Amino acid sequence: MSSSVIVLEFNELVPDLLDRFMAAGHLPNFKRLRDESIAAVTDAGEEPPNLEPWIQWVTVHSGVAFAEHKCFDLNDGARFKAPRVWDLISRAGERVWVCGSMNAGVADGAINGHVLTDPWASEITPMPVGYFEPYTRLVRAYVQEHSSGRPDIAMGDILRFGRFMIANGLSAKTIWATLRQLASERRDRTQWRRATILDRLQWDLFRAIYRGNKPRFATFFLNSTAHFQHFHWREMEPELFSVKPKPDDLRVYRDSIQFGYQQMDKLVGEALELAGPDTSVVLCTALSQQPMLHFEDVGGRQIFRHHDHAALLAFAGVTAAYDYAPIMSQQFVLTFADAETAAAEAARIGALKLDSGEQVMLTRLDGAKLLTGCMIDLPPERDAVVSSGASNETIRFWDAFYPLEALRSGMHHPDGVLWVRTPSRRHAVLDRRVSLQEIAPTLIALAGITTDHSFAFAPMAEVTAALERAQIAA
C-alpha cells in the first residue's frame, strides 16, 4: 500500500517535556498527532562524544550506525555516499522534497525533486542548483553569525529574499508574526524569538513546494527549540541548578522552551491539514536533551566565540590563504590549498594557550580542511591572557572572545521521540525502545517503495502490521 510521507524532524524535542506540556493543554496539535500515531521512544545507541544530532540524523536517514557511517561533524554527511531514504525513493521514480534535513547527502549527485540543505552545510549544493540561493544566502548568514549580533546581511540580500519568499508561499500569518515580533523587540528583550520566525518562513516555503510538486516523500527540519533548551533550561527549572539565573534573565527566558514547543505545535496543526487523510505523518527528534548539571560546582559551562577570526588567526601566525566558513556556535571551518598547509597552520592555531596552560582552540584536520573554534568552556579570570607560539606577544582572552548568550544548561540525551501516523490512524504506545536504524526502512515501507537496498534492520513490525490491516480494510 503506497502513501505519501511527511517527516517532521523537530530536533531534540524531549519526550517528558512533550508529555508535560500536552497534559497542561499547551500542545493540542502534538496531542492529536500522538493520539493518532504509533508512539515510541527511540534509542540513539551512542554516548558522548558520539551523541550529537549531526551524527544521529545520518543514522535516521540512512539506517546505518555511526560505527559504519563515521559522520562525526557537520558537513561529513555530504561525503557519506550510502543512499538515504530520499535517494531510494527518487531512484524508484518518485518525487522527494528534503527541507533542511541536518547533515544530509545525495548519493547520486542528483535527485528527483528538491533539496534545501541545513544552514550549516557547505559541502552539498541545494537542488535544483541555484533555485534556493536567495533563501540560503540570508538564512545561513543569520543562523551562522547570529551570536555575533552583526550577521553579514546586505540590503540587496534582504530584497532578493523577500522576492523569493513572495514567489514561494509567504503567508499573511508569517507576515503578521514578523511584524508582531519586531514590535515586541522595541518594548522588551524578545529578539531570541526571531528563530521561530525563521521556522515559519521555512514552513511557508516547504508548504508551497509540497503543494506544487506533490512529492511521495518529504522532510521538514527545525532546530529552534533545541537551541532554547541548550541555553535556557536553567530559567525553565531554576530549582535544579545551583547557579541561579539572574532575575531579569528568569523573567525573559523562563517560558522560552514552552514557547518553542507551542510555536512548533502550530506548525504541527498546519502539517496535519496539509497532509490530509491519505498521507503518513511522522514526528522524529533523533535524540533529546536533559538538564546539564555536572558543571554547576564550577560555575556552569560557558561557550566562547571569537570576535574577529582574521585578527585571531593573524595573532596565531597563520599566513596561508584560506576560506572561512562559520558553522554552529563557536566553531568554524578553514579550507587551505592542500593538506600539508592545513596541518602546518593547525599547529600554529593549536599553539594558542591560556596563561594557565590550557589549549585555546580545537584543531581537527580533514585533508585540506580544519575544524576549529574556542575550546574553553569555563570562564577564565578577567585578566587572563592568550599567548601565541608565533611570537612573544599576548592578548587578553576577553578581548579576543566573548561568551554566547547564556550558560549552557541543556545537554543531549539518547532518548528520542518517534510518532508514526499512518492513514489508518491506529494508536499504540510501544513498550520497547526503537533503534534509530529501524526508521529508514520503516519510512520506505510507509512510502510503499520496493527497493533492493539492504538495511541492517527490518521495518518496524508495529507499523507494517498497521499498513497491512489498512490494506485489508481497503
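Show me the strands (runs of 3 or more DSSP E) entirely contained within region 6-116 in which 3 or more residues are hydrophobic (A, V, I, L, M, F, W, C).
Result: 38-43, 96-99.
Under 8 Å between Cβ atoms, which residue pairs at least 6 apart in sequence (or on different chains) link something in region 181-198 that is surrounded by fewer than 16 Cβ atoms within 10 Å (Cβ to Cβ) with a partner that is aliphatic (A, V, I, L, M)?
188/252; 189/252
Return a yes/no flag: does region 6-28 have any residue that is out of contact with any Lys or Arg (no Cβ under 8 Å at 6 or more places or on another chain), closer than 30 Å to residue 370 by Cβ and not polar (S, T, N, Q).
yes
Mind telling me which of the residues 63, 45 ends up being over 23 Å from residue 122 (Cα atoms), touching a helix residue (DSSP H, G or I) at 6+ places or on another chain (Cβ under 7 Å) and surrounded by fewer than 24 Cβ atoms within 10 Å (Cβ to Cβ)?
None of the other options fit; the residue is 45.
Anything in region 96-146 that is over 16 Å from the mean Cα position of the chain (by Cα), buried (at least 18 other Cβ atoms within 10 Å of the Cβ) and among the aromatic types (Phe, Trp, Tyr)? List them, or say none.
97, 132, 135 - these are the residues of region 96-146 that are over 16 Å from the mean Cα position of the chain (by Cα), buried (at least 18 other Cβ atoms within 10 Å of the Cβ) and among the aromatic types (Phe, Trp, Tyr).
Looking at residue 142 and the list (1) in contact with a strand residue (DSSP E or B) (Cβ under 9 Å, 6 or more places away or on another chain); (2) among the hydroxyl-bearing types (Ser, Thr, Tyr); (3) over 21 Å from residue 6 (Cα atoms), which single condition is not satisfied?
Failed condition: (1).
Is it the case that some residue within region 52-70 is under 21 Å from residue 332 (Cα atoms), in contact (Cβ under 8 Å) with a residue 12 or more places away in the chain and over 13 Å from the mean Cα position of the chain (by Cα)?
No, the conditions are met nowhere in region 52-70.
So that you can scan it fast, the table gives a plain yes or no per residue for (1) surrounded by 15 or more Cβ atoms within 10 Å (Cβ to Cβ); (2) within 30 Å of residue 214 (Cα to Cα):
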| residue | (1), (2) |
| --- | --- |
| 238 | yes, no |
| 242 | no, no |
| 246 | no, no |
| 262 | yes, yes |
| 275 | yes, yes |
| 284 | yes, yes |
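From the set of residues in region 325-337 that are farther than 10 Å from residue 371 by Cα and without any contact (Cβ under 8 Å) to a residue 40 or more places away in the chain, which is surrounded by the fewest Cβ atoms within 10 Å (Cβ to Cβ)?
Top of the filtered list is 337.
Condition first: charged (D, E, K, R) and crowded, with 18+ Cβ neighbours inside 10 Å. Now tell me which residues in region 338-376 satisfy that.
345, 348, 369
Tally up the residues in region 415-463 that are among the acidic types (Asp, Glu), under 25 Å from the mean Cα position of the chain (by Cα) and over 16 Å from residue 62 (Cβ atoms), please.
Total meeting the criteria: 1.
Here, each number is a calculation from the coordinates, and none is a lab measurement. The structure displayed is predicted, hence computed values, not measured ones. Positions of Cβ are generated from backbone atoms using ideal geometry, with glycine treated the same way; all protein chains shown enter the neighbour counts.
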